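Asks: Take a look at the following structure, please.
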Amino acid sequence: MLDVTGREAIALAAIVDVALNGAAGPVGGAAIAERLGQNPRGREPLLQALSRAGLLASSRGRRGGYRLAKARGEITAGEVARAVSDVVAAPEILPRLVSAVIAPAWKRASEAALASLDAITVETLARQAMAAGLAPRPTAAITYAI
């Protein structure tokens, strides 16, 4: 089941962090972890899972890091949750009440939660973060030349 303090929520926060901080180039995993108040080593497996799922693109080297692999409006919270959800094998012997009643109800609740998350894009979350004052300030003035 999804949990706001679990892997799915932290992974979604990491994707939004990259969306907010990746305009100038790749965002380092350690910088993401620091802004999220997380251990950098503990976040690397999540970031790698997001890369394998095609949500983040990673580059190595001194200026390496992560960037969004798709546009912010094309990545949904549901995709992120699915990319990092732990696959836990069910025990072979379940009490009949669990296998017949509890497990199907749990599965329906999880599917409903993921369907709700599919309606939320990283673009929406990034805009909410900016409105809440959580986005970085631009380091240089933005100018346009035509």
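The values are calculated or read from the model by the stated rules, or taken from the named source; none is laboratory data. Bear in mind the structure is a predicted one, so any value in this text is a computation, not a measurement. Glycine gets a Cβ as well: all are built from the backbone with ideal geometry, and neighbour counts include every protein chain shown.
Asks: From the residues in the range 68-81 that are crowded, with 16+ Cβ neighbours inside 10 Å and without any contact (Cβ under 8 Å) to a residue 60 or more places away in the chain, which one is nearest to SER110 (Cα to Cα)? Steps first, please.
Replies: First pass over the range 68-81, keeping only residues crowded, with 16+ Cβ neighbours inside 10 Å: 68-69, 72, 75-81.
Filter once more, so that each one left must be without any contact (Cβ under 8 Å) to a residue 60 or more places away in the chain: 68-69, 72, 76, 78-79.
On the way: LEU68: 26, ALA69: 26, ARG72: 24, THR76: 16, GLY78: 11, GLU79: 13 Å.
Per the criteria, the residue is GLY78.
Asks: Looking at the range 105-115, which of its residues are loosely packed, with under 12 Cβ neighbours inside 10 Å and either of a type outside the set (Asp, Glu) or at pLDDT 90 or above (or both)? Walk me through how you get there before you give the answer.
Replies: First, pick out the residues of the range 105-115 that are loosely packed, with under 12 Cβ neighbours inside 10 Å: 105, 107-108, 111-112, 115.
The answer is ALA105, LYS107, ARG108, ALA112, ALA115.
Asks: Criterion first (modelled with pLDDT of 80 or more, within 26 Å of ALA14 (Cβ to Cβ) and surrounded by 14 or more Cβ atoms within 10 Å (Cβ to Cβ)) does LEU134 satisfy it?
Replies: Details: modelled with pLDDT of 80 or more: yes; within 26 Å of ALA14 (Cβ to Cβ): yes; surrounded by 14 or more Cβ atoms within 10 Å (Cβ to Cβ): no.
Against the criterion (modelled with pLDDT of 80 or more, within 26 Å of ALA14 (Cβ to Cβ) and surrounded by 14 or more Cβ atoms within 10 Å (Cβ to Cβ)), LEU134 does not qualify.
Asks: Follow-up question, since we're still on this one. Check GLU34, GLU44 and return the single one that is assigned to a helix (DSSP H, G or I) and touching a Gly at 6+ places or on another chain (Cβ under 6 Å). Give the derivation first.
Replies: Details: GLU34 fails: touching a Gly at 6+ places or on another chain (Cβ under 6 Å).
The conditions single out GLU44.
Asks: Out of all the residues in the range 120-131, is one or more more than 21 Å from ALA23 (Cβ to Cβ) and modelled with pLDDT of 95 or more? Let's see the steps before the verdict.
Replies: In the first step, residues of the range 120-131 are kept if they are more than 21 Å from ALA23 (Cβ to Cβ); the result is 120.
Cutting the leftovers down to modelled with pLDDT of 95 or more gives us 120.
Checked against the condition, which is being more than 21 Å from ALA23 (Cβ to Cβ) and modelled with pLDDT of 95 or more, the range 120-131 yields at least one hit.
Asks: Let me confirm something: among GLY25, GLY37, which residue is of a type in the set (Gly, Ala, Ser), more than 14 Å from the chain's Cα centre (by Cα) and over 13 Å from TYR66 (Cβ atoms)? Explain how you work it out, then say what you get.
Replies: On the way: GLY25 fails: over 13 Å from TYR66 (Cβ atoms).
The conditions single out GLY37.
Asks: Can I ask one more? Hey, can you tell me all the residues within the range 1-30 that are farther than 19 Å from GLU123 by Cβ, surrounded by 15 or more Cβ atoms within 10 Å (Cβ to Cβ) and touching a Gly at 6+ places or on another chain (Cβ under 8 Å)?
Replies: Within the range 1-30, PRO26, GLY28, GLY29 meet the criteria.
Asks: Follow-up question, since we're still on this one. Tell me the residue from ALA11, ALA19 that is within 30 Å of PRO104 (Cβ to Cβ), part of a helix (DSSP H, G or I) and among the small types (Gly, Ala, Ser), please.
Replies: On the way: ALA19 fails: within 30 Å of PRO104 (Cβ to Cβ).
Being within 30 Å of PRO104 (Cβ to Cβ), part of a helix (DSSP H, G or I) and among the small types (Gly, Ala, Ser) holds for just one of ALA11, ALA19, which is ALA11.
Asks: Turning to a different aspect of this structure: Name the single residue, out of those in the range 32-86 being in contact with a Phe, Trp or Tyr (Cβ under 9 Å, 6 or more places away or on another chain) and of a type in the set (Gly, Ala, Ser), that is farthest from LEU125 (Cα to Cα).
Replies: Only one residue tops the list, namely SER59.
Asks: If only one of ALA57, ALA71 is at pLDDT 90 or above and closer than 21 Å to LEU114 by Cα, which one is it?
Replies: On the way: ALA57 fails: closer than 21 Å to LEU114 by Cα.
Every option except ALA71 fails the conditions.
Asks: Further question on the same structure: Could you tell me which residue of the range 31-60 is nearest to GLY78 (Cα to Cα), considering only residues that are of a type in the set (Gly, Ala, Ser) and loosely packed, with under 15 Cβ neighbours inside 10 Å?
Replies: Residues of the range 31-60 of a type in the set (Gly, Ala, Ser): 31, 33, 37, 42, 49, 51, 53-54, 57-59.
Of the ones still in play, those that are also loosely packed, with under 15 Cβ neighbours inside 10 Å are 37, 42, 54, 59.
On the way: GLY37: 23, GLY42: 22, GLY54: 14, SER59: 25 Å.
By that ranking, first place goes to GLY54.
Asks: Taking the options ILE102, ILE10, ILE93, name whichever one is among the β-branched types (Val, Ile, Thr) and at pLDDT 85 or above.
Replies: Values: ILE102 fails: at pLDDT 85 or above; ILE93 fails: at pLDDT 85 or above.
So the residue among ILE102, ILE10, ILE93 that is among the β-branched types (Val, Ile, Thr) and at pLDDT 85 or above is ILE10.
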